[in-house]
Amino acid sequence: MLDQGAIIGILGGGQLGRMLSVSASRLGFRTHIYEPIAGPPAADVAWRTTTASYDDHNALAAFATSVDVITYEFENVPTAALDLLETLRPIRPNRRALAISQDRIAEKDFLTGLGLACAPYASVTSTADLAAALARIGTPAILKTTRLGYDGKGQARIMAPADATVALAAMQGQPAVLEGFIAFSHEVSVIAARGPDGSVACYDPGENVHRDGILRTTTIPARLTASQRTDAVLLAARILNALDYVGVMGVELFVTPQALIVNEIAPRVHNSGHWTQAGCAVDQFEQHIRAVAGWPLGDGSRHADVVMENLIGNDVARIPAIARENGAAIHLYGKGAPRPGRKMGHVNRIVPRG
Ligand code: AMP
């Protein structure tokens, strides 16, 4: 267990790093943020911030030697930076979890290798690949860049084979994966945690609604049968165990009448887990810090039903009205001007019982 006053290094200074820092400080730790862009949201609440790029090896080394353990709030940390950092301090969650989540094909190979259901998929780097993949998988389908996609970016829908050329051009020459379109009834996610001793704690699955590829709301509890709920939690635990994972992970699932289909995994605290701040004694941020620090995990049980709404772009103009609502907990990320699609904050609304 890390001692009081120990320093947790966090790669990335966005809102997730900010909320991790607040939780770390509540447990008596300090955080050191590493972020290339000056003045990030996490800097307001961190002990120290380093502003440097991921190829500045001197800055990376100085950062690593100033901390006791390193974690991260986003999965696209460059490999060369990790190579250097891991020689100096432990990185939690581990490299394998990062490598798998950085590459959609590696991720699907790993998940299907565990016997879990994914959308049918094929690697695409050329027009010929795409034609062969479409012949096998059919339409509708979605073409996605294998790396660096988030919030629906780097994706193109293929409703009919005639859309193939435009979709491939949208990949801008990057390697891609073609996925069969899943006719899901709804989307859910499981936020799961694993400690260094192998203990696992999962939160109840939440139901997610996206608009324009960006999460809008998470509602707890999700519409799931008792057996689907158990399956969702068990499959998340299998993923964590297979990776010898330490920390919190988000597992996104498509719900169909036949199966729960894994969309993707995120090796970090997750936007769809923000509801735990209002619904649980130990929220996902504290849970992640507990795991990374080698503390016992919190139990993850839920004491309230919650609807989490993201405040995106000009949604922040509604804050004066939301502040007057009963049972609404506002979280703002301290970002500058609102821009379309920019996550500015979120609100957790407790759903009255009965
Ligand atoms: P992703 O960035 O892969 O999480 O995709 C963003 C959103 O696009 C998902 O949350 C789904 O709403 C939708 N989506 C992605 N892949 C598929 C798929 N294979 N079938 C149906 N919808 C999808």
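What follows is calculated from the coordinates using simple rules that are stated; it is not laboratory data. No experiment lies behind these values; they were computed from the predicted model shown. Glycine also receives a Cβ, built like all others from the backbone with ideal geometry; neighbour counts cover every protein chain displayed.
A few notes on this one:
- Summing charges over all other residues whose Cβ lies under 15 Å from the Cβ of residue 45, with Lys and Arg as +1 and Asp and Glu as -1, gives +1.
- Packing, as the average of other Cβ atoms within 10 Å across residues, places the peptides 330-339, 230-239, 245-254 in the order 245-254, 230-239, 330-339, highest first.
- Ordering of 30-40, 287-297, 134-144 by burial proxy (mean other Cβ atoms within 10 Å per residue, highest first): 287-297, 30-40, 134-144
- The listed peptides 113-122, 212-221, ordered by packing as a protection proxy, come out as 212-221, 113-122 (highest mean of other Cβ atoms within 10 Å first).
- Linear extension gain, residue 337 paired with residue 48, 0.36 nm per residue minus alpha-carbon span: 101.6 nm
- Positive minus negative residues near residue 80 (Lys, Arg vs Asp, Glu; Cβ under 14 Å): -3
- Partner aspartates and glutamates whose Cα lies under 20 Å from the Cα of residue 153, excluding those fewer than 8 positions away in the same chain, are identified as 73, 75, 103, 107, 163, 179, 187, 212, 252, 264.
- Net charge, residue 104 excluded, C-beta distance under 14 Å - Lys, Arg +1, Asp, Glu -1: -3
- All lysines inside 17 Å of residue 108 as judged from Cα atoms, apart from same-chain residues fewer than 8 positions distant: 144
- Between residue 109 and residue 181, the distance separating the two model label sites (each 7 Å from Cα on the Cα→Cβ line) works out to 2.9 nm.
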